[in-house]
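Only the coordinates and a few stated rules stand behind these numbers; no lab work does. The structure presented is a predicted model; accordingly, all values stated were derived computationally and were not measured. Positions of Cβ are backbone-derived with ideal geometry, glycine not excepted, and every protein chain shown enters the neighbour counts.
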Amino acid sequence: MIKKMVIPLLLGAILTGSCQQKKKKTLAANQGSQELSYELIVPDLHIPWGFQFLPDNSILYTEKEGKLVHFINGKKTDIKGLPEIYVRGQGGLLDLQLHPNYAQNGWLYFTYASPAGDKKGGHTALMRARIKNNQLVDKQLLYKAQPNSTDGRHFGSRIEFDDQGYLYFSVGERGNRDVNPQDITRDGGKIYRLNDDGTIPDDNPFSNQSNAKKAIYTYGHRNPQGMKRNPVTQDIWIHEHGPMGGDEINIIKTGKNYGWPKASFGKNYNGSQLTPYTTLPDIEPPIHYWDPSIAPSGMVFITSDKYGNWKGNLLVGSLKFQYLALCFLDGNSVVKEKKLLEGIGRVRSLEQGPDGYIYAGIEGLGIIKLQR
């Protein structure tokens, strides 16, 4: 069931005081709710696109400008040996994910805008590598979308593993909405599925279709910047940017078409009609959409007991309105929504740490730990 959610009242007051020190900040709830606080763990970050906790509980994070950084014992160390990165508009060094058996094999996966190819510009790529002596080694390019474009929009990109060890990653439609997302012979506007070594699973939905990009798992997407495995159903959930209105949460199902730009709840940015259809036959509808758009980035399911009755629900970051959207779930439906930490800054990335706490990457601030 699709739920249109009107943005609710503010839960937390805007933070005051310096945000550049590692100390707790308290947000008094204006509706008599419990207090919410955060602790600044990694300070002074620009655009922390993705981050992961290593087995020793240190943090590895990306900066969109093209930096991979290891944060341990309060010290930041740049990891050298990154491939050439095309930094333009929304493109740069993007998401980060560890192999499910990282402690044993050391494989690190990351997406980035790559200029590799025979034309100017760049497109989203997926690489894996290991880290040795603060240097990337054993680098393997697993996928490079084509063709390159000088357009600075809609690279995606998030990475996730499912419970069977398959790797999923998203690539935005690069601003070419009328061509890329509905054409399975072209990259862009897709969710891809690979084996962990970059080979293509035999049962991918288009693996036997002539001229199709065999790695495609779903199509008809705009710009997915959130992706997580649902811990209950094991389904892969994504959210993606719509146009003016029409940001969506979708559950990924093999071979399905998610409609962009044939069907959408959004409008063109000038207010004109984009499409008369919110859904069509053979189009997979979203389980939830936002109007107005919140510009979602990062998402995480709350599975620990650290947050009381929030357990079992979903957090989504808002770039546009600079808050956390707490989405209360009933099965696969979003039934209610609250805004948390409004005014905190552009929420770019979200992860649940090994200690059970939720951590958020905030543009212009850093990585924070949320406490209720």
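In table form, for the structure just shown:
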| quantity | calculated |
| --- | --- |
| Debye log10 I(q)/I(0) at q = 0.14, 0.23, 0.32 Å⁻¹ for the range 56-104, Cα point scatterers | -0.42, -0.94, -1.21 |
| Among 178, 355, 151: highest mean-square fluctuation, GNM of the chain, C-alpha pairs under 10 Å | 355 |
| Positive-end residue of 205, 145, 321, charge dipole of the chain with Cβ unit charges | 321 |
| Given charges at Cβ of Lys, Arg, Asp, Glu: the chain dipole, positive-most of 341, 353, 309 | 341 |
| Proximal charge balance of residue 128 [Cβ under 12 Å; K/R count +1, D/E count -1] | -1 |
| Entry for volume of the Cα convex hull per residue in Å³ (calculated from the structure that is shown) out of (1) 199; (2) 135; (3) 168 | (2) |
| Debye, to nearest 20: dipole size of the range 41-314, +1 on Lys, Arg Cβ, -1 on Asp, Glu Cβ | 500 debye |
| The chain: calculated mean residue ellipticity at 222 nm from DSSP helix runs of at least 4, using -39500 (n - 2.57) | 0 deg cm²/dmol |
| Cα-Cα P(r), the range 245-330, percent of pairs per 10 Å interval | 16, 39, 33, 10, 2 |
| Most mobile of 145, 113, 212 in a GNM of the chain (Cα contacts under 10 Å) | 212 |
| Rounded to whole Hz, the Karplus (6.51, -1.76, 1.60) HN-Hα couplings of the range 174-187, x for glycine and proline | 6, x, 9, 5, 7, 10, 5, x, 9, 10, 7, 8, 10, 7 |
